[in-house]
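Beneath this line is the structure, given in structure tokens, with notes to follow.
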Ligand SMILES: Cc1cc2nc3c(=O)[nH]c(=O)nc-3n(C[C@H](O)[C@H](O)[C@H](O)COP(=O)(O)OP(=O)(O)OC[C@H]3O[C@@H](n4cnc5c(N)ncnc54)[C@H](O)[C@@H]3O)c2cc1C
């Protein structure tokens, strides 16, 4: 068992970390305040290969292993939680759908520009009445000659209003439960009937547009079906599994940012004639914060390791995501506490970390649903 990073992984971490310190951290407050998709930053990231980290170079990706991808995502989220979601939804969800389930021509045509960051990807699964309960979805795709006609809507779609390629789930057989769900490649600019209804005004995760989408006789050619009819539910579960490792990375990244800010503040802020970091209660908070972060990182890498080895990593990815999500919220909460009253103001980033961290416990499987998944896996072992 090797806990160290390889030379290549260290190089990736240093490269992304430098980019984040120079380009992301200085604009993180602006992204949080303006809540605009940071197109220029995303295009710089595309030039650095950060929009297709885990995909092979032949499809426009950077060809990195999953540890390196998680490390890269962790660094990006350390700079901006919203940017972390933009990259995770684009890569782990939309990109991976195309990579894992696309045929050769779909990969060439749609994955390559997504992996290169020329196209932005989104993953449209959730609906107003179907969040945790995916099979309750009502969006339908009816076959009409060599096309599918899609009607319905999706809610909460990260990158949904800016995406060039959307991997979309719809029922091709509404009476077949989860076996009646299929997945499609949709191109909002080319396909009539793709309507962006609006974007959410959220607590955090700013900069990543979370869109409500409507499909009104949206026609897609049958060449844009991913796999076979009825494969969609399995596609979604497998994709979310891999995605959970990167949401764990987002949690670790935000927690590290919250910890570092709190540690620096504890060294500077004086009360009773000494830095507050010298009070045992504050020192212990910092100790607990870092210990939890290190443990979350281990779970993240353990899940990545199992994925790379081709082993079943359902439980590991769920544990990594569950733990790192709770840790990021707890660490960010303590970060505010260490700042005292200042932490409750927008003059400090502590509150931003808290708002960004909270989302981790909700998307890509709520903490409650992940506990169900982990429990089911434990009972099967
Ligand atoms: C900012 C943001 C971005 C998102 N991005 C995307 C995206 O890109 N693509 C996409 O498809 N979706 C996305 N989502 C949707 C997200 O995955 C769902 O919000 C999530 O799955 C929860 O579904 P829900 O909101 O309908 O909550 P519900 O499923 O209604 O859950 C409500 C509560 O009930 C609990 N609950 C539900 N079922 C169970 C159960 N079986 N056992 C125990 N407790 C249960 C939940 O844990 C939760 O506490 C995003 C959401 C947000 C907020």
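Listing for the model above:
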{"read-out": "Residue that is farthest from the ligand (Cβ to nearest atom), among those in the stretch 117-139 that are assigned to a strand (DSSP E or B) and touching a helix residue (DSSP H, G or I) at 6+ places or on another chain (Cβ under 6 Å)", "value": "121"}
{"read-out": "Test for residue 360: is it outside the structural domain of residue 65 (by TED's automatic domain parsing), within 16 Å of the ligand (Cβ to nearest atom) and within 19 Å of residue 82 (Cα to Cα)", "value": "yes"}
{"read-out": "Cross-chain or 6+ apart pairs with Cβ under 6 Å, the stretch 1-30 first and buried (at least 17 other Cβ atoms within 10 Å of the Cβ), then in a loop (DSSP other than H, G, I, E, B)", "value": "24/80; 28/80"}
{"read-out": "Evaluation of residue 311 against (1) outside any helix (DSSP H, G or I); (2) in contact (Cβ under 8 Å) with a residue 12 or more places away in the chain (one fails), failing number", "value": "(2)"}
{"read-out": "Of residues in the stretch 61-94 being over 22 Å from residue 255 (Cβ atoms) and more than 12 Å from the chain's Cα centre (by Cα), the one nearest to the ligand (Cβ to nearest atom)", "value": "61"}
{"read-out": "Strands (runs of 3 or more DSSP E) contained entirely in the stretch 140-249, each with at least 2 residues that are under 30 Å from residue 300 (Cβ atoms) and either more than 16 Å from the ligand (Cβ to nearest atom) or in contact (Cβ under 8 Å) with a residue 40 or more places away in the chain (or both)", "value": "147-158, 165-171, 181-186, 210-221"}
{"read-out": "Options 205, 164, 231, 133; residue that is on the phi > 0 side of the Ramachandran plot and within 26 Å of the chain's Cα centre (by Cα)", "value": "205"}
{"read-out": "Any hit, the stretch 69-87, residues being closer than 23 Å to residue 360 by Cβ, touching a residue at least 40 places away in the same chain (Cβ under 8 Å) and in contact with a strand residue (DSSP E or B) (Cβ under 8 Å, 6 or more places away or on another chain)", "value": "yes"}
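Residue-by-condition table, conditions (1) surrounded by fewer than 17 Cβ atoms within 10 Å (Cβ to Cβ); (2) more than 18 Å from the chain's Cα centre (by Cα); (3) part of a helix (DSSP H, G or I):
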residue: 301; (1), (2), (3): no, no, yes
residue: 306; (1), (2), (3): no, yes, yes
residue: 319; (1), (2), (3): no, no, yes
residue: 341; (1), (2), (3): yes, yes, yes
residue: 352; (1), (2), (3): no, no, yes
residue: 361; (1), (2), (3): no, no, no
residue: 365; (1), (2), (3): no, no, no
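The values are calculated or read from the model by the stated rules, or taken from the named source; none is laboratory data. All values reported here derive from a predicted model rather than from experimental measurement. With ideal geometry, Cβ positions are generated from the backbone for all residues, glycine too; neighbour counts draw on all protein chains shown.
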